[in-house]
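Peer 1: Here you go, one structure.
Each reported figure results from applying straightforward, stated rules to the coordinates on display, with no laboratory input. None of the values given here were measured: they were computed from a predicted structure. All Cβ positions, glycine included, derive from the backbone under ideal geometry; neighbour counts span all protein chains shown.
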Amino acid sequence: MDLTLAIIVTVVGASTPILIAALGELVVERSGVLNLGVEGMMLIGAIAGFVVQFHTGNPYLALLCGAAAGMASSLIFGFLTLSLSANQTATGLALTIFGTGFSALAGSSYSARPVSLMEPLFPAELAAHPVWKVLFSYSFPVYFSFIMVVVIWYFLHKTRAGLILRAVGENDQSAHSIGYSVIGVRYMAVMFGGAMAGLAGACFPLLLTPQWAERMTAGRGWIAVALVVFASWKPFRLLAGAYLFGLVMTMELYAKAGGGVLSIIPSELWAALPYIATIVVLVLISLRRDASTNAPACLGKPFLPSN
Amino acid sequence: MTLSRRTMIKIGGAAVALPLLGSTAFGQAEKLKIGFIYVGSINDNGYNYAHNQGRIFVQDQLGDAVETVYVENVPEGPDCERVLRELAQQGCKLIFATSFGFGDSVIKVAAQFPDVAFEHATGYMPAANVGLYNARFYEGRAVCGTIAGHMSKTGKAGYIGSFPIPEVVMGINALALSGRRVNPNFTVKPVYISTWNDPAKEADAARAMIDQGIDIVAQHTDGPAALQVAAERGIIGGFGQGADMSAFAPDTQLTAIIDNWGPHYLASAKAVIDGTWVPGNTWEGLKEEVVEMGPYNAKVPADVVADAEKVRTGQIDGSFHIFTGPIKDNTGVERVAAGVVMTDGELLSMDWYVEGVEQPA
């Protein structure tokens, strides 16, 4: 029982940054923009969050600055792809390379400098009982990620602004012709995605390992990008997907470290599960006839007004 | 899931375009250019940091006589060949490839540049212009294991490994053997995470093991993430690897294994300058100060420190070797007879675990 609860706590930690970054990317892609720079923006957010936490010790300020740094880096992408209509795939890849190098440069004088982890949001007494611990032992970003799933779902499907954003992603020419600013909407979406990626990156030094290490996100930005497709651009599926990935990533390690019941499923199978799950989901999606409409129709295409 | 990595070539020292000279001898009249390639970042506070400290040591000691260049974050694979070739073409006459997985690339590229001296750390494949050098990290592991055996309450240590290569297997075995010398029920649980540098995964591996009963954690990856988790969870302790990591976990690092590559790099550089370089095969340890121990934590009891020091000094004066028989493997078969010391060759190809090591899942 205690082990189960401990595993849940670890899974939540592993899933949260992926979920936050993927939620941002989901909104970006719903507006018709494919930003492959998530990994780079996360690293920029991670180093910004780390530096602020190191100097101020204020984790909320650190998260905020991580988000701001991620947003600033997304503006580079936005300017190139939206204002200059550069190729989104290439620009996104460049942003990841840039973020990796820039964060390494900015962080080079911060090695061997630990910071303190972000404190849990709720008082420790509330999390004293192991069962309550599962609910109340996390710090702010964990609860934030869950709230954002609902907020983004509500925004996309229940608000006018969300409808406009989806319209821009589905048919940019029509949205343009009835007077919406396609470029403006996409800038907002890209900046939101950058802020979420930066915040997700800042979670690494604040929640997981209180240090700065180059490339400390270690490819999780790419998992976030893949999850958006996996979730067929739907926020609640994204939540499930992020936790599925977090679960298998964690269970692989618990299965290796443990004996008994955990080793019934070999760790190799746990390690392979995300990929098996991805294939299964992609097959299921392609079996459904209406599913192809899930991908925003203008995804990855630069907007060039026809008139 | 990782991006195809762009490696950045950073040039240390003045950016002087050195003409490529068609010298075929190893002896150098002009400034010797030395290249280093690292598998990770020089800011990892561990393995790669230690190699880079060695580079800085050479530069400081030889000053204007040498120019050192390094490339960090070089993936173990085809890209490594490209980086090695570039360094050789830039005029490096001595190149240190500092990770086990660079071996195949070194052999290939060395054949194309017969006038360049290559040295491969922790490798096993020599060639006419490829020397091998290694450090007896297991001697440090034996000191750590002594402390772990004394201090662990659950009698279980966790060991985060990168890949099951002999270098790592040897370290796990040394920890287990030395721990069992003082506590016959001491066991070691290895978990391999298939990467040298993924702090979040190292941390989660540590969490997974701590949640399942270990109270000492050791690691053979590049960073201090596992130690930080040990501190966060308040277990008995862990060990720094590659460098003193006490800054990350002041109350938790019991001691550290510190790699000190500088003297070896200096000797090789001097040999190339003098024209006396020949491919060597060195494997030095505590005695030659290539491996050093960090300070003992204040919470390690005096009698434990004394025992650890006995192990340390015994390995320096040669009176103690951790891989002395009888040694059984973890299936109960006796692998080394009583009184026999394993040879270097046997150690460097070690692919079995000693008694007390749980078979990795």
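Peer 1: For the peptides B:261-272, A:2-13, A:22-33, what is the packing order when you average, over each peptide's residues, the other Cβ atoms within 10 Å and list the highest mean first?
Peer 2: A:22-33, B:261-272, A:2-13
Peer 1: Another one. So how do B:D60, B:D211 line up by other beta-carbon neighbours within 10 Å, fewest first?
Peer 2: With the sparsest Cβ surroundings first, the list reads B:D60, B:D211.
Peer 1: Okay, next question. Run through every distinct alpha carbon pair of region B:267-356 and return the Kirkwood hydrodynamic radius in angstroms, one decimal place.
Peer 2: 16.2
Peer 1: Projecting each Cα onto the charge dipole of the protein assembly as shown (Lys/Arg +1, Asp/Glu -1 at the beta carbon, about the Cα centre), which of B:V143, B:V304, A:I47 comes out farthest on the positive side?
Peer 2: A:I47
Peer 1: Return the FRET efficiency for the residue pair A:L282, A:E125: r is the Cβ-Cβ distance, R0 is 60 Å, and the value is rounded to the nearest 0.05.
Peer 2: 0.85
Peer 1: Other chains near B:44-56: what is the mean number of their Cβ atoms within 10 Å of each residue's Cβ?
Peer 2: 1
Peer 1: Would you kindly calculate the mean projected area, averaged across all directions, of the convex hull enclosing the Cα atoms of region B:128-170, in square nanometres?
Peer 2: Result: 4.0 nm².
Peer 1: Taking A:K301 as the anchor, which lysines have their alpha carbon closer than 22 Å to its alpha carbon, excluding any fewer than eight residues away along the same chain?
Peer 2: A:K234
Peer 1: Can you pull the semi-axes for chain B, root of five times each eigenvalue of the Cα gyration tensor, sorted largest first, whole Å?
Peer 2: 36, 21, 19
Peer 1: Then there is this: Provide the per-residue ³J(HN,Hα) series for region B:352-361, in order, calculated from phi with Karplus coefficients 6.51, -1.76, 1.60 and θ = phi - 60°, each as a whole number of Hz, with x at glycine and proline positions.
Peer 2: 9, 9, 6, 4, x, 9, 6, 4, x, 6
Peer 1: Using the charge dipole of the protein assembly as shown (Lys, Arg: +1 at Cβ; Asp, Glu: -1 at Cβ; taken about the Cα centre), state which of B:F118, A:L63, A:T89 has its Cα farthest towards the positive end.
Peer 2: Highest projection toward the positive end goes to A:T89.
Peer 1: Could you work out the mean count of beta carbons from other protein chains within 10 Å of each residue's beta carbon in B:220-226?
Peer 2: 3
Peer 1: Report the residues of region A:70-86 in range of a label on A:L304: point 7 Å along Cα→C-beta, backbone N strictly under 11 Å from it.
Peer 2: A:85-86, by backbone N distance to the label point.
Peer 1: Can you tell me the length gained on complete extension of the stretch B:K108 to B:F320, counting 0.36 nm per residue apart and subtracting the Cα distance?
Peer 2: Net length gain for the segment: 72.4 nm.
Peer 1: Taking R0 as 45 Å, what's the FRET efficiency between A:I265 and A:Q173 from their Cβ-Cβ distance, rounded to 0.05?
Peer 2: After rounding to 0.05, the efficiency reads 0.35.
Peer 1: What is the average number of partner chain Cβ atoms found within 10 Å of a Cβ in B:206-215?
Peer 2: Mean number of neighbouring Cβ atoms from other chains: 6.
Peer 1: Quote the charge dipole size of region A:159-307 about the Cα centre in Debye, to the nearest 20; the model charges only the Cβ of Lys and Arg (+1) and of Asp and Glu (-1).
Peer 2: Roughly 260 debye for region A:159-307.
Peer 1: Compute, for the protein assembly as shown, the length of the dipole vector about the Cα centre, with Cβ point charges of +1 (Lys, Arg) and -1 (Asp, Glu) only. Units Debye, rounded to 20.
Peer 2: With only Lys, Arg, Asp and Glu charged at Cβ, the dipole is about 2020 debye.
Peer 1: How large is the charge dipole for region A:2-294, taken about the Cα centre, if only the Cβ atoms of Lys, Arg (+1) and Asp, Glu (-1) carry charge, to the nearest 20 debye?
Peer 2: 440
Peer 1: Hey, if you put +1 on the Cβ of every Lys and Arg and -1 on every Asp and Glu Cβ in the protein assembly as shown, which of B:L348, A:S181, A:P296 ends up farthest toward the positive end of that dipole?
Peer 2: Value: A:S181.
Peer 1: Test of understanding: express the Cα radius of gyration of chain A as a ratio to 2.2 N^0.38 Å, with N the residue count.
Peer 2: Compactness ratio reported: 1.01.
Peer 1: Right, another one. Using only the alpha-carbon atoms, how far is helix B:78-89 inclined from the longest principal axis of chain B? Give it as 0 to 90 degrees, nearest 10.
Peer 2: 40
Peer 1: May I ask for the angle, rounded to the nearest 10°, between helix A:267-287 and the longest principal axis of chain A, with both axes built from Cα atoms and the value confined to 0 to 90°?
Peer 2: 30
Peer 1: Round to the nearest 0.05 the FRET efficiency obtained for B:K310 and B:D274 when R0 = 41 Å and r is the Cβ-Cβ distance.
Peer 2: The value I calculate is 0.55.
Peer 1: Counting only Cα atoms, I'd like the Rg/Rh figure for the protein assembly as shown, Kirkwood definition for Rh.
Peer 2: In the protein assembly as shown, Rg relative to Rh is 1.00.
Peer 1: Within 10 Å of each residue's Cβ, count the other Cβ atoms and sort B:H220, A:H176, A:H129 from fewest upward.
Peer 2: A:H129, A:H176, B:H220
Peer 1: Still on this structure: Ranked by Cβ crowding within 10 angstrom, fewest neighbours first, how are A:I279, B:I322, A:I265 ordered?
Peer 2: A:I279, A:I265, B:I322
Peer 1: Treat each spin label as a single point 7 Å out from the Cα along the C-beta direction, and report the B:V340 to A:Y154 distance in nm.
Peer 2: 7.3
Peer 1: When only Cα pairs under 8 Å and 6 or more residues apart are kept, what is the percent relative contact order across chain B?
Peer 2: 19
Peer 1: Given 4 °C and 1.567 mPa s, how large is the Stokes-Einstein diffusion coefficient of region B:239-279 in µm²/s, with Rh as the Kirkwood radius over Cα pairs?
Peer 2: Estimated via Stokes-Einstein, D reaches 106 µm²/s.
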